[in-house]
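A quick write-up on the structure given underneath.
The values are calculated or read from the model by the stated rules, or taken from the named source; none is laboratory data. Worth saying up front: this structure is predicted, and the values here are computed from it rather than measured. Neighbour counts run over all protein chains shown; Cβ positions are idealised from the backbone, glycine included. The accessibility values were calculated without ligands, DNA or RNA, using every heavy atom of the protein model including side chains. Shrake-Rupley method; radii C 1.70, N 1.55, O 1.52, S 1.80 Å.
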Amino acid sequence: DLIISQVNSSCGCTVPKFPKEPIPPGGEDYIKVSFDSSGRTGVQNKAVTVVTNGQPNQTVIRIKAMVLKP
């Protein structure tokens, strides 16, 4: 089974939620990441580090967005 032990974001404006239960072989689940763009404009690059019992045990997911002024 895949066990996701931690999901960390590069800043407080990016909040990840991840499954706490083991994911069996052939199973699937999601990591949901919310980004608060308040007070930010332009290109935003955020990193989310996923730590599991798999190999490699750390994977970095990058999220890139263009935040426009209203």
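Being touching a residue at least 24 places away in the same chain (Cβ under 8 Å) and open to solvent by 70 Å² or more (accessible area, probe 1.4 Å) is the filter here; which residues of region 44-60 pass it?
Matches in region 44-60: ASN53 only.
If you scan region 13-34, which residues turn out to be open to solvent by 80 Å² or more (accessible area, probe 1.4 Å) and either touching a strand residue (DSSP E or B) at 6+ places or on another chain (Cβ under 6 Å) or of a type outside the set (Ser, Thr, Tyr) (or both)?
Result: LYS17, LYS20, GLU21, PRO25, GLY26, GLU28, ASP29, LYS32.
Report whether or not VAL67 is in contact with a Ser or Thr (Cβ under 8 Å, 6 or more places away or on another chain) and either modelled with pLDDT of 95 or more or surrounded by 13 or more Cβ atoms within 10 Å (Cβ to Cβ) (or both).
The answer is yes for VAL67.
Does any residue in region 26-42 that is under 15 Å from ASN8 (Cα atoms) come within less than 7 Å, Cβ to Cβ, of a residue that is open to solvent by 80 Å² or more (accessible area, probe 1.4 Å) and part of a loop (DSSP other than H, G, I, E, B) six or more places away or on a different chain, and which pairs are these?
Matching pairs, first to second residue: none at all.
Taking the conditions exactly as written (at pLDDT below 95 and surrounded by 14 or more Cβ atoms within 10 Å (Cβ to Cβ)), does SER37 satisfy them or not?
In short, no.
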